[in-house]
1. For a quick check: sort Leu19, Leu61, Leu51 by the number of other beta carbons within 10 angstrom, fewest at the front.
2. Read phi for every residue in the range 63-71 and hand back ³J(HN,Hα) as whole Hz from Karplus 6.51 cos²θ - 1.76 cosθ + 1.60, θ = phi - 60°, with x for Gly and Pro.
3. What is the distance in Å between the Cα centroid of the range 10-33 and that of the range 37-91?
4. Kindly provide the Kirkwood hydrodynamic radius of the chain in Å, to one decimal, from all pairs of distinct alpha carbon atoms.
5. How much length is gained on full extension from Arg18 to Ser37, taking 0.36 nm per residue of separation minus their Cα-Cα distance?
6. Pull up all non-local amide H partners of Glu9: gap of 5 or more, or a different chain, and H-to-H distance under 5 Å with H placed in the peptide plane.
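Read the figures in this text as sums done on the coordinates, not as results from a lab. Remember, predicted model here, so these are calculated numbers, not experimental data. Virtual Cβ from ideal backbone geometry, glycine too; neighbours counted across all protein chains shown.
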Amino acid sequence: MNAPRGETEIDIDGVSYRLCLTLGGLAELESAFACASLSELVARLKRLSALEMQCVLRILLAEDLEEESLSAVSPGVAARAIGEAFRAALG
């Protein structure tokens, strides 16, 4: 994990995975949630459904995971990891 690069991690089924919010990831998120600006995206991310949280994790993960692995992540762990990835990348 490279903290200066904005990377953080999430534990899924006992395995640590790297999360990283990149400019490309931000663009994917804006597109996925039909947001025209970063501030609109940030507001939208405050009210995610479980399916949308999985979408965000998929975009932030540096590697592909099986759907069932993402489904096993608790909502609290997912929300914390997503928040940490945004804080690490945006400060």
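1. Neighbour counts put them in this order, fewest first: Leu51, Leu61, Leu19.
2. Computed from phi, the couplings for the range 63-71 are 9, 7, 10, 5, 4, 5, 5, 5, 5 Hz.
3. Distance between centres, Cα-based: 6 Å.
4. Every distinct Cα pair counted, the radius reaches 13.2 Å.
5. Working: separation 19, 0.36 × 19 = 6.84 nm, distance 2.56 nm.
Contour length minus Cα-Cα distance gives 4.3 nm.
6. For Glu9, whose amide H was placed from the backbone, the distant partners under 5 Å are Leu19.
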